[in-house]
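Novice: Before I ask anything, let me first share the structure, which is written out below as structure tokens.
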Amino acid sequence: MEPAGMDYFYEQVQQKDVGRRMQVGQELLEYLGDPARSPDLEQDQQRLDKVIDELTAWVNSSNFKVRL
């Protein structure tokens, strides 16, 4: 299943399940690394900011794998 865009990632980064976070983290890295897959990134800075805000909580996570 191909992610729909930053809306998809905003919903997914809010997940509490560690396994899901690991999967979403990898999907997000691949999405951000391929400009052809992320055309909406530059048009909607607000959505990207929301995703980054949620990822900040991951950095403070007690699970070291999620933090990485």
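Novice: Computed over the Cα atoms of the range 6-55, what is the convex hull's projected area averaged over all directions, in nm²?
Specialist: Across all orientations, the range 6-55 yields a mean hull projection of 3.1 nm².
Novice: Run the numbers for residue 36 and residue 53: contour at 0.36 nm per residue of separation, minus the present Cα-Cα distance, in nm.
Specialist: That pair, residue 36 and residue 53, stretches by 3.7 nm at full extension.
Novice: Taking θ = phi - 60°, what integer Hz values does the Karplus form 6.51 cos²θ - 1.76 cosθ + 1.60 yield along the range 51-59, in sequence order, with x for Gly and Pro?
Specialist: 5, 4, 4, 5, 5, 4, 5, 5, 4
Novice: Right, something else. Could you tell me what percent of the accessible area of the range 6-55 is made up of carbon and sulfur, with a 1.4 Å probe and every protein chain present?
Specialist: C and S atoms contribute 49 percent here.
Novice: Please identify every one of the GluC sites (Glu not before Pro) in the range 14-58 that sits in a loop by DSSP and has no more than 13 other beta carbons within 10 Å of its own beta carbon.
Specialist: 42
The values are calculated or read from the model by the stated rules, or taken from the named source; none is laboratory data. No experiment lies behind these values; they were computed from the predicted model shown. We place every Cβ from the backbone using ideal geometry, glycine too, and count neighbours over all the protein chains shown. Side chains are part of the model used for accessible areas, which takes the heavy atoms of the whole protein and leaves out ligands, DNA and RNA. Shrake-Rupley method; radii C 1.70, N 1.55, O 1.52, S 1.80 Å.
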